[in-house]
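Where a number appears in this text, it was derived from the coordinates with a stated rule and is not lab data. Source: prediction; values computed, not measured. Cβ coordinates were reconstructed from backbone atoms using ideal geometry, including for glycine residues, and neighbour counts include every protein chain displayed.
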Amino acid sequence: MRIRRASATAVDVLLGLVRVVGPLIIIGVAALWFLNRGVGRGRLRVTSSTPGATILLDGVQTGYVTDTTLTVTRGRRIITIRMKGLVSDPDFAVAEVRQGVVSQVSFDLRAPQAATRSDTIPPLRHVRQEVFSTGEPVRALPPAPRGTAPLIDFSPESERGVSAGSSHSAAGSDEAWRIPEWTDTASISGSIQGTKVTVTSVPDAAEIVVNGAPTPRLTPYTFRGLDRGIYSFRVRREGFTVRPDSIVLALNHDYQQELAAFDLQADTTLPRPTLTVTTSPLAAAIRVDGKAAGMGKVSMDVAYGTHRVEFGDAPGYQTPAPVSVLLTTDQPHADVTGTYQRRSGNAYIAVQPAEEFGAFDGSLLRVYVDNELLVDGPKQRFDVALIGRVLSGKRLVRVQYGDLTSDLHVNVLDGDVSEITLRIESFFSKRKLRLREKSSVPFEEWQQKTSKLNVLAAT
């Protein structure tokens with residue numbers, strides 16, 4: 001009996017453990033699946049004209065070489081490759097990695113050509129060639145607290161235990177990481193050839209600061225032909241916080257290529273910048289930063305910085321000039337109005353009800369010429385509305401009477417009056433406004449013909 005009771009107790013304990021541990025195992029498996037697949041990963045294939053080039057993802061070595069298909073988290077990724085003695089074209093590539101899709105980037109590796117220089121920037125500090133014992137480019141670490149010297153890792157890769165090109169927090173004593181103060185200027189050689197430093201940010205259009213001095217360059221940009229030495233790169237864009245704060249690079253050999261990649265995040269503590277654009281007196285097309293934004297009036301959320309507002313052409317009108325608007329934290333909102341000036345001419349358009357129209361209420365009449373409202377429900381009594389100073393050519397006339405609307409393209413000539421008659425047609429319970437263009441007549445002849453009518457003049 002005791003053996004049976006002991007066996008029953010052991011079975012109960014085992015079943016209890018299964019009941020407790022089983023759900024935990026299931027939850028752990030589900031969490032692992034979510035982290036590896038649910039978050040979203042995609043495949044990225046990197047190829048080069050000469051296989052075997054080292055692949056860097058967002059400035060960090062991956063441990064793989066071309067041609068290779070990588071599995072990486074989805075999003076916007078910056079890819080560079082390196083092979084000793086060769087330079088890549090392009091300098092870097094940006095790929096949108098999506099789940100379930102294989103993205104591909106290709107590079108052309110070729111021998112370096114004659115050195116080119118696009119910017120002349122003195123290094124932050126000259127260094128002697130012999131400090132670069134490993135031959136690998138020295139990569140930035142996050143900056144030390146302000147007021148202290150920047151920290152650079154000069155130790156060999158085998159001693160650091162990290163991949164070259166990655167950024168880490170400084171560890172150990174400051175003396176092991178600090179840039180040495182060199183005084184032997186005779187051993188300094190500043191001239192090297194074909195260097196390239198590409199500075200990128202997501203999103204782009206951030207101002208680039210080199211060695212603490214602002215430059216006229218915006219990301220993405222490649223600095224070419226910089227001399228040997230230490231360079232500190234930062235970016236800034238109003239309304240955004242930047243990670244990392246800065247990247248420090250050391251250039252020490254010919255045709256060296258480096259990538260300084262920054263991530264910009266919108267500062268949610270600041271007011272959201274907005275831009276409102278209106279066209280007057282007609283509704284015309286609006287473009288903001290080269291993209292169609294709408295017609296007539298548009299209110300939109302935008303980023304801090306400078307935005308270019310353009311207006312579409314409208315027949316018969318002078319198009320307003322483009323406007324540049326700067327939104328800052330001090331002025332996060334802006335209103336822009338594009339005013340269209342109608343090109344005036346010597347043609348006329350006359351709008352009047354047809355004889356069979358019946359009772360005509362002029363207060364219900366609205367007339368648009370090329371989308372500009374020129375007759376707006378006048379209260380006084382009239383028999384015909386005469387619109388003057390119309391530019392000759394084909395004009396779009398829109399007539400609205402109450403809840404009925406109809407359009408008509410009319411050819412108008414200088415010195416003539418183009419007559420339009422309107423009537424309402426009814427079919428069962430459906431009503432429709434019909435417009436009819438009559439032959440144009442000279443203005444003097446039209447005046448004689450309508451001398452007994454009550455004419456409403458509009459321009």
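General observations
- Stretchable slack from Asp313 to Asp330, in nm (0.36 nm times residue separation minus alpha-carbon distance): 2.8 nm
- For the pair Ile26 and Phe428, label points projected 7 Å from Cα toward Cβ lie 6.2 nm apart.
- When His307, His409, His253, His333 are sorted by how many other C-beta atoms sit within 10 angstrom of their C-beta, beginning with the fewest, the order is His409, His333, His253, His307.
- Cβ-Cβ distance of Ala354 and Asp414, R₀ of 25 Å, FRET efficiency by 1/(1 + (r/R0)^6): the value works out to about 0.40.
- Each distinct pair of alpha carbons in region 307-389 adds a 1/r term; the inverse of their mean, the Kirkwood radius, is 16.3 Å.
- Theoretical FRET efficiency, 1/(1+(r/R0)^6), r = Cβ-Cβ of Leu396 and Ala266, R0 56 Å, to 0.05: 0.85
- A Förster radius of 25 Å combined with the Cβ-Cβ distance from Asp254 to Val65 puts the calculated FRET efficiency at roughly 0.65.
- Chain lengthening between Ala292 and Asp376 when straightened (0.36 nm per residue, less Cα-Cα): 27.2 nm
- Taking 7 Å steps out from each Cα toward its Cβ at Asp407 and Arg45 produces label points 4.8 nm apart.
- In Hz, Karplus ³J(HN,Hα) per residue of region 241-246 (6.51, -1.76, 1.60; θ = phi - 60°; x = Gly, Pro): 9, 10, 10, x, 5, 7
- Amide H to amide H, with H built 1.01 Å from N, Gly377 comes under 5 Å of Leu365, Arg366, Val367, counting only residues 5 or more places away or on other chains.
- Footprinting exposure proxy ranking of Ser439, Ser344, Ser406, Ser418, fewest other C-beta atoms within 10 angstrom first, gives Ser439, Ser344, Ser406, Ser418.
- Inter-label distance for Asp361 and Gln448, nm, one decimal - labels placed 7 Å from Cα along Cα-to-Cβ: 3.8 nm
- Listed peptides 442-450, 233-241 by packing density, highest first (mean Cβ within 10 Å): 233-241, 442-450
- Sequence-distant lysines (8 or more away, or on other chains) whose Cα lies within less than 27 Å of Lys432: Lys379, Lys394
- Two-decimal Rg/Rh across region 41-110, once Rg and the Kirkwood Rh are taken from alpha-carbon atoms: 0.94
- Size of region 347-458 as Cα extents on the principal axes (Å, biggest first): 42, 30, 24
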